[in-house]
1. Restricting the range A:157-173 to residues that are assigned to a loop (DSSP other than H, G, I, E, B) and more than 18 Å from the chain's Cα centre (by Cα), which is nearest to residue A:214 (Cα to Cα)?
2. Mind checking whether some residue in the range B:256-274 is part of a strand (DSSP E or B) and open to solvent by 20 Å² or more (accessible area, probe 1.4 Å)?
3. Which residue out of B:237, B:228 is in a loop (DSSP other than H, G, I, E, B), out of contact with any Cys (no Cβ under 9 Å at 6 or more places or on another chain), crowded, with 19+ Cβ neighbours inside 10 Å and among the acidic types (Asp, Glu)?
4. Consider the range A:287-328. How many of its residues are within 14 Å of chain B (Cβ to nearest Cβ) and basic (Lys, Arg)?
5. Could you tell me how many of the residues in the range B:296-306 are surrounded by 21 or more Cβ atoms within 10 Å (Cβ to Cβ) and in a helix (DSSP H, G or I)?
6. For the range A:8-21, which positions are more than 7 Å from DNA strand C (Cβ to nearest atom) and either without any contact (Cβ under 8 Å) to a residue 12 or more places away in the chain or part of a helix (DSSP H, G or I) (or both)?
7. Do the conditions hold for residue B:24, that is, is it among the β-branched types (Val, Ile, Thr), within 13 Å of DNA strand C (Cβ to nearest atom), in a loop (DSSP other than H, G, I, E, B) and away from chain A (no Cβ under 13 Å)?
8. Taking interchain pairs and intrachain pairs at least six residues apart, which have beta carbon atoms under 6 angstrom, with the first residue in the range B:28-39 and without any contact (Cβ under 8 Å) to a residue 24 or more places away in the chain and the second within 14 Å of DNA strand D (Cβ to nearest atom) and open to solvent by 70 Å² or more (accessible area, probe 1.4 Å)?
There are 2 protein chains.
Amino acid sequence: MSNSKKIVTLDDVAQRAKVSKMTVSRVLSGKGPVAIKTRERINELIKELDYQPNLLARSLSSKQTMIVGVVVNKRDHMFMVDYTTKIISGIMDVALRHQYQLMLCPVSSEDDVRGEYLRLIRSKMLDGLILLKRKQDDPYIQELVEAKFPFVMLNYKKYSQDINFVDAKNKQGAIMATEYLYSKGHREIAFMGGRVGETNSNDRLSGYKEALKKLGLKYRAVWVIHGEYHQEVAYRECGKLLDMAQRPTAIFCADDNMAIGVIKRLRESGLKIPQDMAVIGFDDIQIASMIRPALTTIRQPIYDIGKTGMQTLLNIINGTQQKAVHRLLPVELVERESV
Amino acid sequence: MSNSKKIVTLDDVAQRAKVSKMTVSRVLSGKGPVAIKTRERINELIKELDYQPNLLARSLSSKQTMIVGVVVNKRDHMFMVDYTTKIISGIMDVALRHQYQLMLCPVSSEDDVRGEYLRLIRSKMLDGLILLKRKQDDPYIQELVEAKFPFVMLNYKKYSQDINFVDAKNKQGAIMATEYLYSKGHREIAFMGGRVGETNSNDRLSGYKEALKKLGLKYRAVWVIHGEYHQEVAYRECGKLLDMAQRPTAIFCADDNMAIGVIKRLRESGLKIPQDMAVIGFDDIQIASMIRPALTTIRQPIYDIGKTGMQTLLNIINGTQQKAVHRLLPVELVERESV
DNA sequence: TTGAAAGCGCTAACAA
DNA sequence: TTGTTAGCGCTTTCAA
């Protein structure tokens with residue numbers, strides 16, 4: 001008569017309560033009418049038996065899993081330590097509040113991305129997907145669209161009726177950064193960006209260009225560098241900049257990691273920051289305030305992007321949100337020591 | 001005749017192949033005999049129809065989900081940015097290689113932890129659990145043990161037949177740190193640790209004590225501080241240390257974050273590091289090498305702990321691993337500028 | 001080498 | 001307010 005370790009099912013509860021499974025199911029879901037007395041009896045029994053619904057069975061039947069996938073880049077996430085943690089925190093906080101679970105979905109950047117997306121949605125395990133920082137040219141996103149699968153892209157921008165995104169005001173931030181450098185007396189400003197395909201980097205570049213024009217500064221193609229959001233790459237590229245006949249007096253880095261690489265390089269070259277060369281970053285990652293000189297940067301609200309993104313996804317899943325969501329969250333200048 | 005958007009099931013493949021579901025199922029799993037010709041035909045059909053198994057149905061039937069839960073502390077993970085990312089990377093890499101998925105399971109530290117664990121295992125969604133840095137006194141782990149649910153604890157230590165863990169050689173690391181300080185001429189060494197309940201902090205403290213004894217140094221209770229693995233707490237506690245009549249000449253911090261807080265405090269007090277006060281940390285998080293002075297610390301192999309942990313869990317799930325796994329991975333001294 | 005039957009534990013839809 | 005029936009899409013078990 002082991003009543004302890006056996007798996008308790010809906011049926012067990014129903015039998016003990018002398019009702020049908022449906023009644024118990026109704027109590028559980030809170031939907032549908034159940035007599036108060038019956039409900040109480042069943043609730044007690046549930047506690048007594050320590051009954052926990054089998055989520056697999058429930059999902060299979062109801063076609064809802066209450067699980068959302070977070071698509072991270074297999075390789076990149078190690079370099080985006082701060083970013084990944086913050087954004088997932090935001091996503092998680094909203095998910096938790098709505099009883100949703102989070103599944104980590106690492107996807108490679110090159111191989112068979114198409115297959116991976118398809119597998120994710122066809123497996124029926126997920127109610128929706130949140131994509132972190134995908135590249136602009138990821139053509140397989142179309143697969144998600146065609147399958148009418150609910151998804152939201154974060155730190156990505158594309159004004160399409162089929163794509164929901166939450167991003168920061170990158171262009172405006174870039175303008176702020178450039179104007180700030182200008183206000184500090186800089187007229188020769190270089191731009192160091194990420195990969196060409198990233199919408200973030202593109203937007204920041206276009207903000208930089210627009211600001212130059214507005215300020216009446218000359219745009220020089222040689223001072224625009226496309227690297228990658230990594231310290232090492234920035235360190236290397238910064239060297240090239242220093243070797244030029246005509247050096248800029250300030251560098252606007254489209255990413256804090258790049259800014260850190262740049263600062264490292266500058267210090268090793270014996271240059272004083274900001275006197276000999278000013279540096280401004282973008283993001284305001286944790287390290288930004290800890291390095292010396294502390295990094296002046298444009299802060300983007302990563303945690304909030306995560307929150308808003310998850311909230312949006314939930315609205316889409318529930319059908320509350322009908323038309324496409326295109327949100328750009330505000331950024332702010334954080335003045336520290338590097339400019 | 002829409003052959004495109006309809007959901008393709010096992011049955012569809014079977015019918016088109018003019019075989020029973022079972023045969024297709026056998027092809028999919030690779031188990032059980034299937035005639036080569038049949039197998040080929042079915043494989044082609046699977047590709048042609050772009051069939052993807054419904055994982056919910058499969059799991060419900062087979063009682064295996066191929067999903068492992070990673071239990072993180074709801075609050076802490078934001079402060080353990082570097083740690084969380086690294087360890088999950090390690091876990092993820094192994095999981096991926098074995099076709100396992102990862103589910104994030106945020107658990108609060110106080111509220112109804114017991115209920116949360118129970119819910120996780122009873123929901124039948126997970127094949128196993130990896131717990132990150134739980135407190136020593138978490139009594140509800142017993143629930144997992146009693147349910148005979150496969151789980152592994154990381155950065156936790158308890159020699160029990162019922163508990164599998166992978167941790168770093170914390171005690172040895174602490175001895176290394178203390179001896180290193182000694183070798184640099186320090187005879188008055190303070191210890192700043194985390195919460196009393198954490199096995200990590202305990203082990204590091206006991207290493208410190210052992211080293212003192214071995215080196216013939218006097219142990220002073222007032223120089224042992226129990227704070228929390230946070231910069232702010234360390235910053236505050238460091239102040240107390242500085243106010244003492246008799247100051248130490250070196251501080252061994254049981255965690256890099258604490259060391260950073262300490263360094264900040266020391267600098268603000270106008271003390272030179274390491275001349276006026278030496279500081280050594282533990283972990284070697286990313287920032288350690290970036291702050292000034294760069295932090296001398298004991299590196300623990302976090303990524304490897306993740307990998308080993310996941311590998312261990314898989315062995316337990318498969319029944320390959322019978323007796324308890326108690327692994328301690330080696331640490332190493334990283335000499336930089338703060339000692 | 002293949003198939004038929006039964007069932008995993010739940011919910012949707014309808015009926016009473 | 002409650003119950004019945006019929007699946008969800010797969011695997012297990014046993015039989016052919």
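The values are calculated or read from the model by the stated rules, or taken from the named source; none is laboratory data. Everything quoted here is computed from the prediction, not taken from an experiment. Neighbour counts are summed over all protein chains in view; Cβ atoms, including those assigned to glycine, are modelled from backbone coordinates with ideal geometry. Keep in mind that these areas ignore ligands, DNA and RNA; they rest on the heavy atoms of the full protein, side chains included. Shrake-Rupley method; radii C 1.70, N 1.55, O 1.52, S 1.80 Å.
1. Step one: of the range A:157-173, the residues assigned to a loop (DSSP other than H, G, I, E, B) are A:157-164, A:169.
Next, from what is left, pick out any that are more than 18 Å from the chain's Cα centre (by Cα): A:160-162.
Details: A:160: 29, A:161: 32, A:162: 34 Å.
Ranking the qualifying residues of the range A:157-173, first place goes to A:160.
2. no
3. Checking each option against the conditions leaves just B:228.
4. Adding up the residues that qualify gives 2.
5. Here is the first cut: in the range B:296-306, the residues surrounded by 21 or more Cβ atoms within 10 Å (Cβ to Cβ) are B:296-298, B:300, B:302, B:305-306.
Subset that is in a helix (DSSP H, G or I): B:302, B:305-306.
Final tally of qualifying residues: 3.
6. Once the filter is applied, which keeps residues that are more than 7 Å from DNA strand C (Cβ to nearest atom) and either without any contact (Cβ under 8 Å) to a residue 12 or more places away in the chain or part of a helix (DSSP H, G or I) (or both), the range A:8-21 yields A:12, A:13, A:14, A:15, A:16, A:17, A:18, A:20.
7. Working: among the β-branched types (Val, Ile, Thr): yes; within 13 Å of DNA strand C (Cβ to nearest atom): yes; in a loop (DSSP other than H, G, I, E, B): no; away from chain A (no Cβ under 13 Å): yes.
Considered against the rule, which asks whether it is among the β-branched types (Val, Ile, Thr), within 13 Å of DNA strand C (Cβ to nearest atom), in a loop (DSSP other than H, G, I, E, B) and away from chain A (no Cβ under 13 Å), residue B:24 comes out as no.
8. B:32/B:26; B:34/B:26
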